[in-house]
Amino acid sequence: MNLKPATLQSIDEVITHYPVKRSATLPLLHLIQEDIGYLPPDTCEWVAAKLELQPINVLEVVTFYPMFRQKPIGRRHIKVCRTLSCALMGGYKTCEQFEKEFNTHRGEVSPDGEVTVDFVECLASCGTAPVVLIDDDLHEKVDCAKAKQLSDQIKAEAKKR
Amino acid sequence: MIAPPKPDLVTVNIDGKEIAVPKGTNVIEAARLVNVDVPHYCYHPKLSIVGNCRMCLIEMGMPAVDPATKAPIMDPATGKQKINWIPRPQIGCGTNVSPGLHVKTTSPMVKDAREGVMEFLLINHPLDCPICDQAGECKLQEQSTGYGRGYSRFVEQKNVKPKRTQLGPRVTLDDERCILCSRCIRFSKEIAKDDVLGFVDRGSYSTLTCFPGKQLANNYSLNTVDICPVGALTSTDFRFKMRVWFLKQTNSIDTETSVGANTVVWSREGQIYRITPRRNDDVNDTWMPDSGRELFKALKAPDRLTSAETVDALVARAAEVFKQGPVAVVGSGRSSVEEQFLTKKLAAALKATTALVSRVGQGDKLLVSADKNPNVRGALVTGLIAALPSQKLTDLAASIDAGKVKVVVSVGEDLAAAGLTAAQLAKVAIVYLGTHANATSAAAKVVLPTLSVFEKNGTFVNQQFRLQKFAQAVPGPQGATNDLIVLAKLAAAAGATVASDLGSVWKLLAAEIPNLAPITYANLPETGLLLDATPFAALPFVEGETLHFKPAVAGAAVAAKA
């Protein structure tokens, strides 16, 4: 496990929040995913050793939550809402637009490694549907045109690097 | 002995029957006492309670009292105290009895609940009962018949899951059959202390699995197969070999070590197919080691000893050998109590010295003890030996070198393995009784083939000084004779008359050994009988702590000093 010193520090700190170490399983997994972007294959053993558990106990948790990723994702995570309001307002079309822009398919990493497009459930901004969350930034009323504009922006930033 | 304190009893009413049960009993166990079956899957008396299968739902109520005055509220219709029934079903496994608890296990609500649970369990259960190894001993089958709704409303597609995962060297898993009771997970964690099993992808695709790269390989893995209520966990060895209802069950004892785990031997037409544990709450609970389940395979081994000669001819030859000079008898901690008794008689008739060979190995603190002989204590009780045996026959070796012993009778013990050199073996004439060929049988003048534990009746004394009996499961091979008959004939050849059948031997045992006085083979309970261990309290036995056994303080202290 190649974790940043800051992450390791928060991990040690968060363990102290709970009466039994096992309770820190979920926060630890979150911290690791935040740091690395996904949960690498040796996560279960590492967390189990840290919390004095058996690896299977951690694997049970990892496989229960769909938002824990066991495979790497693109540099940015585009999360398109598909719950009722957004679906009615064209969320599916927005998603397809993103897929077309980055020549990818939902759930996969785009060929340039820049993004992963995913459908997610309600982002709690139904009044401005369809909405899209790119990493931690919420974008409202994202129709196909705005989706193209956002994509161009991402591509431009990628070129600058 | 101090009488155990009387446990606090609690009176409960189950389906109208009053019964007093110890405090802390749950409803399933209480109902069992009044012969009421509460169906269950996840509950196991020797594992922790999780209450996740929901099959044991019952209706319960408590006697009504006035909240203000605490006075009982009477029902004018019956003249008895009114019962406040809880309007929802409760799980029987997780409900401990309390005074006055009323339980209904046959009410319409309970019936509905059971049918509902059964329907959910069967939704994704494959219909491969015809080829399933569990068929005939499957709780899901039995409870479908007993408590299911009888017809299916399910028209959707069933889940597809892995069908033949190798969880370990001895256990195969069919995930589609799994009903997610988690008994195997709890067993691995709580009893075997090898927490490798778990559910992944929990939800509609919950899948039992081992952590990737790990295996369910501990020496108790096959117990998960025994406690699996369905055919999900199957023994790789027994898989697809035989329908269980064709098998004859014979009670036996695991002869691996001095723990003496109680077992059942499953056989058909003279062939053993599997060995499973038999519940004995004082010895092995409901478990046994995997290693003990494979012992029957030695029965058909190519090195099994048989003889074309009749026993009488062999005994006559042995009698000739006895005339060559002073005799030493090497008895065995693997012989039954009766055989050790006859060995002692034979030794007395031959005026021979007696010895035993000790086998000490590693104990695992559960059901494998350090003493690899199942019946050293039997030899002590019958008086075949007076002190604990050592691993090497140094005294015998010295006597042979000194020319004081010319003939050695070995009851199944490999003298070469017990420290005698080939030169020493060549100096003496050996009479060997045993089941399998070894260096001693090869060097022997006379070999008398005998029977294995699965082919005869008898008793062992385990590490707790518990006398336990085993019964014959299969007939012995042609050319092998019951040890008792061989020993009795040898004793007769040496000039002593002793009985060779179990009943008569037990009359002799009862007459000669006060510790065994009131016992006969027939009246010995299946769970065994504790003998008086006080005469042997000072002996430094090798066993460490195992399940339901703590070494005596005196013995442990001596062992620690040594």
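The values are calculated or read from the model by the stated rules, or taken from the named source; none is laboratory data. All values reported here derive from a predicted model rather than from experimental measurement. Ideal geometry is used to build each Cβ from the backbone, glycine not excepted, and the neighbour counts take in all protein chains shown.
Kindly indicate whether any position in the stretch B:184-199 is of a type in the set (Phe, Trp, Tyr), surrounded by fewer than 21 Cβ atoms within 10 Å (Cβ to Cβ) and either in contact with a Ser or Thr (Cβ under 8 Å, 6 or more places away or on another chain) or in a helix (DSSP H, G or I) (or both). Checking the stretch B:184-199: at least one residue is of a type in the set (Phe, Trp, Tyr), surrounded by fewer than 21 Cβ atoms within 10 Å (Cβ to Cβ) and either in contact with a Ser or Thr (Cβ under 8 Å, 6 or more places away or on another chain) or in a helix (DSSP H, G or I) (or both).
On inspection, residue A:18 qualifies as farther than 26 Å from residue A:153 by Cα and among the hydroxyl-bearing types (Ser, Thr, Tyr). Of the strands (runs of 3 or more DSSP E) lying entirely inside the stretch B:1-112, those containing at least 2 residues that are without any contact (Cβ under 8 Å) to a residue 40 or more places away in the chain and in contact with a Leu (Cβ under 7 Å, 6 or more places away or on another chain) span B:17-22.
In the stretch B:207-217, of all residues being buried (at least 20 other Cβ atoms within 10 Å of the Cβ) and assigned to a loop (DSSP other than H, G, I, E, B), the one that is nearest to the other protein chains (Cβ to nearest Cβ) corresponds to B:211.
Residues that are farther than 17 Å from residue B:298 by Cβ, in the same structural domain as residue B:338 (by TED's automatic domain parsing), surrounded by fewer than 17 Cβ atoms within 10 Å (Cβ to Cβ) and free of Cβ contacts under 8 Å to residues at least 24 places away in the same chain: does the stretch B:416-423 have at least one? Looking for residues that are farther than 17 Å from residue B:298 by Cβ, in the same structural domain as residue B:338 (by TED's automatic domain parsing), surrounded by fewer than 17 Cβ atoms within 10 Å (Cβ to Cβ) and free of Cβ contacts under 8 Å to residues at least 24 places away in the same chain, one finds at least one in the stretch B:416-423, hence yes. Going by the conditions given, is residue A:51 more than 11 Å from chain B (Cβ to nearest Cβ), free of Cβ contacts under 8 Å to residues at least 40 places away in the same chain, aliphatic (A, V, I, L, M) and under 27 Å from residue A:157 (Cα atoms)? When the stated conditions are applied, residue A:51 does not pass them. Looking only at the stretch B:330-347, residues that are over 23 Å from the mean Cα position of the chain (by Cα) and under 14 Å from residue B:434 (Cα atoms) come to 3 in all.
Per the conditions (1) surrounded by fewer than 23 Cβ atoms within 10 Å (Cβ to Cβ); (2) within 20 Å of residue B:340 (Cβ to Cβ), the sole criterion not satisfied by residue B:439 is (2). What is the one condition in (1) in contact with a helix residue (DSSP H, G or I) (Cβ under 6 Å, 6 or more places away or on another chain); (2) assigned to a loop (DSSP other than H, G, I, E, B); (3) not polar (S, T, N, Q) that residue B:525 does not satisfy? Result: residue B:525 passes all but (1).
Each row is one residue, and each column tells you yes or no for (1) more than 12 Å from chain A (Cβ to nearest Cβ); (2) among the polar types (S, T, N, Q).
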| residue | (1), (2) |
| --- | --- |
| B:172 | yes, yes |
| B:178 | yes, no |
| B:185 | no, no |
| B:196 | no, no |
| B:226 | yes, no |
| B:232 | yes, no |
| B:237 | yes, no |
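Selection over the stretch A:104-143 of residues that are within 16 Å of residue A:89 (Cβ to Cβ), crowded, with 16+ Cβ neighbours inside 10 Å and touching an Asp or Glu at 6+ places or on another chain (Cβ under 9 Å) gives a count of 5.
Table: residues versus (1) in contact with a strand residue (DSSP E or B) (Cβ under 7 Å, 6 or more places away or on another chain); (2) without any contact (Cβ under 8 Å) to a residue 40 or more places away in the chain; (3) under 19 Å from residue B:220 (Cβ atoms).
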residue	(1), (2), (3)
B:263	yes, yes, yes
B:269	no, yes, no
B:274	yes, yes, yes
B:284	yes, no, yes
B:289	no, no, yes
B:293	yes, no, yes
B:300	no, yes, no
B:303	yes, no, no
B:308	no, no, no
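Of all residues in the stretch B:119-170, those that are within 15 Å of residue B:234 (Cα to Cα), outside any helix (DSSP H, G or I) and either not small (Gly, Ala, Ser) or not assigned by TED's automatic domain parsing to the domain that holds residue B:231 (or both) total 14. Every listed requirement among (1) surrounded by 22 or more Cβ atoms within 10 Å (Cβ to Cβ); (2) not in a loop (DSSP other than H, G, I, E, B) is met by residue B:335 save one, (2). Scanning the stretch B:384-397 for residues that are surrounded by 14 or more Cβ atoms within 10 Å (Cβ to Cβ) and not hydroxyl-bearing (Ser, Thr, Tyr) returns B:384, B:385, B:388, B:389, B:392, B:393, B:396, B:397.
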